[in-house]
Amino acid sequence: MIIKSCKITNFRSHEFFELKCWKETTMISGENGSGKTSILEAIYEAMRGKSFRAVDKEIIKRDADFYRVELEYVDGEKVVVVYEKGGKKTFLAGDKKTARLAKKYRYPVVLFEPDDLNLLSSSPSHKREYFDRSFGQLDDNYSSLLSRYNKALKQRNELLKSEFLSGEAVFSWNVMLARLGVKIWKVREEKIAKIDERLTEVYRSIAGDEDTVFLRLVRDSEAMDESGYLRELERNFEKDKILGYTSFGVHRDNYEFLFNGVLADGSASRGEVRSIVVALKFIEADMILAATGKAPVVLLDDVFSELDETRQKALVYNFKKNQVIITSVNAVEDIETS
Ligand SMILES: Nc1ncnc2c1ncn2[C@@H]1O[C@H](COP(=O)(O)OP(=O)(O)OP(=O)(O)O)[C@@H](O)[C@H]1O
Ligand SMILES: [Mg+2]
């Protein structure tokens, strides 16, 4: 889908703003704090159904009663999001009003934030969030697995702290977590294997050297089956009782990048790390296209000017089939799109 325009009202610092988009590359430039990221946030929300950085009551312009986003695509399709102070939110798409954005109107987005450049050295929870969001766009089922898992995990953790705790009571939650956890592992391993098929090759095309890069999932257990998972939960039960939370499971996974066989964080240079992240974004966009048949819209928030010329060129070249929207403090000149 190609975006034609995005109109926002009472969205963060914007009372009203209209962005008209080009089919290929659109530039948004402005001072720090002028509201550039907010525009990408509005686009993302109308395409994915929620913001990538905040909840609605933080987004609504201070002292306003509502905010509104109207996203129009070149084929005439339109999505309108209205949030009213107090919590009521509606999506209007295809003449239907819904409380959540219907799957049919969700379109893939590859978002590239400055913070992503620090992905390799970020915490396991940040890395999980990053890949959960990415895999969720590839596989609707994955998002629903995750939300079911998280609900069950919350219940088990509450039980661990409650006076009604017993081995028996916790058992049904163990079974549920094992069933969902194993499925989540499967998806994660599958997607990582797909990424690894191309990571080195794409990395080399950006960095122009002979290094190898691999992504791997670090799990607390080698076993991938439900009974193994269940055993681990049971083995950790006494510890969990003392801690008051569940210490084993997919919510503790970590992701590691290996650069020439050793941990990239600590061995790869800053520039190499950047190339790894850029490679990851290209693969993400390709995987989305392969999985959904749709070329994702690419939102580059402030990263373009962070990168050197080689990596900028790689970005332009690799995303030449995508609609790209770039924000930058300085106007980026001479972006060759051909
Ligand atoms: N709910 C809100 N109501 C009014 N203003 C807000 C609200 N939320 C954030 N702001 C303001 O909006 C501005 C932030 O906008 P945004 O993050 O989009 O800026 P930016 O142009 O991306 O900045 P930078 O270049 O620093 O990344 C800040 O000045 C912030 O104080
Ligand atoms: Mg910004």
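Any read-out appearing in this document is the output of simple, stated calculations on the displayed coordinates, not a laboratory observation. Since the structure is predicted, the reported quantities are computational estimates derived from the model, not experimental observations. We place every Cβ from the backbone using ideal geometry, glycine too, and count neighbours over all the protein chains shown.
A few comments on the model shown:
- If you take the Cα centroid of the range 204-218 and the Cα centroid of the range 243-268, the two points sit 17 Å apart.
- Look at the dipole of the chain built from charges on Cβ: of V170, L233, V329, the Cα furthest out on the positive end belongs to V170.
- Residues Y317, Y255 in ascending order of nearby Cβ atoms (within 10 Å, fewest first): Y317, Y255.
- Taking the range 121-277 and dividing mean pair separation by its residue count, relative contact order in percent (alpha carbons under 8 Å, at least six apart): 28
- Residues of the range 294-334 with amide N under 17 Å of a point placed 7 Å along Cα→Cβ from H126: 301-303
- The magnitude of the dipole of the range 118-227, with charges of +1 and -1 set on the Cβ of Lys/Arg and Asp/Glu and taken from the Cα centre, is near 420 debye.
- Using the Karplus relation 6.51 cos²θ - 1.76 cosθ + 1.60 with θ = phi - 60°, the per-residue 3J(HN,Hα) values for the range 183-190 come to 5, 5, 4, 4, 4, 4, 5, 5 Hz, with x marking Gly and Pro.
- Prolate is the label for the range 121-277. Its Cα gyration tensor axes, ordered a ≥ b ≥ c, give a/c of at least 1.5 and a/b above b/c.
- Assigned charges on the beta-carbon of Lys, Arg, Asp, Glu; the range 87-140 dipole about Cα centre (debye): 520
- Residues with amide H under 5 Å from that of V110, placed H, sequence gap 5 or more: V297, V298, L299
- Across the range 258-271, coupling constants 3J(HN,Hα) worked out from phi with the 6.51/-1.76/1.60 Karplus curve, θ = phi - 60°, read 10, 10, 6, x, 10, 3, 5, 5, x, 10, 7, 6, 4, x Hz, and Gly and Pro carry x.
- The Cβ shell under 13 Å around S121 holds other residues with a net charge of -2, Lys and Arg each +1, Asp and Glu each -1.
- T246 sits among other residues whose Cβ lies under 14 Å from its own Cβ, and their net charge, with Lys and Arg +1 and Asp and Glu -1, is +1.
- Tilt relative to the chain, helix 140-160 - C-alpha long axis, 0 to 90 degrees, to 10: 40
- Two numbers describe the Cα atoms of the chain: Rg and Dmax, which are 21.8, 66 Å.
- Gain on full stretching of the segment that runs from E189 to S267 - 0.36 nm per residue minus C-alpha separation: 25.7 nm
- Between E158 and R231, the contour length at 0.36 nm per residue exceeds the Cα-Cα span by 24.2 nm.
- Computed over neighbours whose Cβ is under 10 Å from that of L160, the net charge equals +1, Lys and Arg +1, Asp and Glu -1.
- Mean Cα-pair separation over length for the range 34-178, i.e. relative contact order, pairs under 8 Å, 6 or more apart, %: 13
- Entry note, the chain: relative contact order of 22 percent, from Cα contacts under 8 Å with a spacing of 6+ residues.
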